[in-house]
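The values are calculated or read from the model by the stated rules, or taken from the named source; none is laboratory data. Nothing here was measured: the structure is a model prediction, and the numbers come from that model. With ideal geometry, Cβ positions are generated from the backbone for all residues, glycine too; neighbour counts draw on all protein chains shown. When the accessible area is computed, the model is the full protein with side chains, heavy atoms only, and any ligands, DNA or RNA have been set aside. Shrake-Rupley method; radii C 1.70, N 1.55, O 1.52, S 1.80 Å.
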Amino acid sequence: MSNPFDLSGRVAVITGANTGIGQGIAHALAQAGASIVAVGRSSMDETRQLVEKAKVPFVEIKADLGTIAPVSTIIEETAKSLGRLDILVNNAGIIRRNDAIDFTEEDWDVVMDTNLKSAFFLSQAAARHMIENRSGKIINIASLLSFQGGIRIPSYTASKSGLAGITRLLACEWAGRGINVNAIAPGYFVTNNTTALREDQERSAQILARIPAGRWGEPSDIGGAAVFLASHASDYVHGTVLPVDGGWLAR
């Protein structure tokens, strides 16, 4: 194994791959040699262009992970198109903002269904495929809110705390069956989910003042951690939640 970070010949499914962090991860894994199955609700033309520059296969699957209905189709289409499944990145996620005192059941359910329920059942479906080969990598995209409470995002905080817990549980159950389950906890990144925060000058200034790196993260900043957790370099890493946060949690 001359290069433990080489992903050549491996197939990665990435949800929410049309923009932001998912797109950044797809690009990074492609550059490391992985074939990419991009899952998302909207056009993935930009992601396709980035991946194809790396000269690896690209498959696009349109799916709304607000329900678990597409789960079996995603796994079946991946196996049919590329013959295998080695890496799953559960990145698809949404956020709803409101004071806890006014938060609605609808906003609670839609976030939990997308961020936690679909991630679990997609992991389950992928693991059934991976267990046959006694090999696989599952990477959940958690959050700083897996460690902290936050404000005005109760269902998002609950879902990301739950995702960290599920990461550890699945690692305990599946490590002995050849599957590594880990998570990445991004800090404050330039994504659709943080648009409202970045446009609020006062809140944005407060956030930047807390980040030792002095800037918001860019989607490309997440790529190295994703390649590490998807590669043989992390074969003895199980159940970790790796912060990529510009030093936020250190302060």
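Checking the conditions here, which among Ala26, Ala12, Ala63, Ala32 is farther than 17 Å from Asn91 by Cα and either in contact (Cβ under 8 Å) with a residue 24 or more places away in the chain or in contact with a Ser or Thr (Cβ under 9 Å, 6 or more places away or on another chain) (or both)? When all the criteria are applied, what remains is Ala32.
Here is a yes/no grid of residues against (1) among the small types (Gly, Ala, Ser); (2) in contact (Cβ under 8 Å) with a residue 40 or more places away in the chain; (3) within 22 Å of Gly40 (Cβ to Cβ); (4) outside any strand (DSSP E or B):
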residue: Ile138; (1), (2), (3), (4): no, yes, yes, no
residue: Gly149; (1), (2), (3), (4): yes, no, no, yes
residue: Arg168; (1), (2), (3), (4): no, yes, no, yes
residue: Cys172; (1), (2), (3), (4): no, yes, no, yes
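Taking (1) basic (Lys, Arg); (2) without any contact (Cβ under 8 Å) to a residue 60 or more places away in the chain; (3) not in a helix (DSSP H, G or I) in turn, Arg128 satisfies each apart from (3). With respect to the conditions (1) open to solvent by 50 Å² or more (accessible area, probe 1.4 Å); (2) not in a helix (DSSP H, G or I), Asp221 lacks only one, and its number is (2).
State yes or no: is Ser155 modelled with pLDDT under 95 and either in a helix (DSSP H, G or I) or surrounded by fewer than 21 Cβ atoms within 10 Å (Cβ to Cβ) (or both)?
So Ser155 does not fit the description; no.
Each row is one residue, and each column tells you yes or no for (1) farther than 15 Å from Val11 by Cα; (2) more than 12 Å from the chain's Cα centre (by Cα).
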{"position": "Asp86", "(1), (2)": "no, yes"}
{"position": "Val89", "(1), (2)": "no, no"}
{"position": "Gly93", "(1), (2)": "yes, no"}
{"position": "Ala100", "(1), (2)": "yes, yes"}
{"position": "Glu106", "(1), (2)": "yes, yes"}
{"position": "Val111", "(1), (2)": "yes, yes"}
{"position": "Ala119", "(1), (2)": "yes, no"}
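For the stretch 167-189, the candidate set comprises residues that are among the aliphatic types (A, V, I, L, M) and either closer than 18 Å to Asn115 by Cα or touching a Leu at 6+ places or on another chain (Cβ under 6 Å) (or both); within that set, the residue that is most open to solvent (accessible area, probe 1.4 Å) is Leu169.
To keep it simple, each residue is scored yes or no on (1) of a type in the set (Gly, Ala, Ser); (2) at positive phi; (3) touching a Ser or Thr at 6+ places or on another chain (Cβ under 6 Å); (4) surrounded by fewer than 19 Cβ atoms within 10 Å (Cβ to Cβ).
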position	(1), (2), (3), (4)
Ala126	yes, no, no, no
Met130	no, no, no, no
Leu144	no, no, no, yes
Gly165	yes, no, no, yes
Thr195	no, no, no, yes
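Here the stretch 197-207 is the region considered, the condition is being of a type in the set (A, V, I, L, M) and closer than 19 Å to Gly20 by Cβ, and the residue that is surrounded by the most Cβ atoms within 10 Å (Cβ to Cβ) is Ile207.
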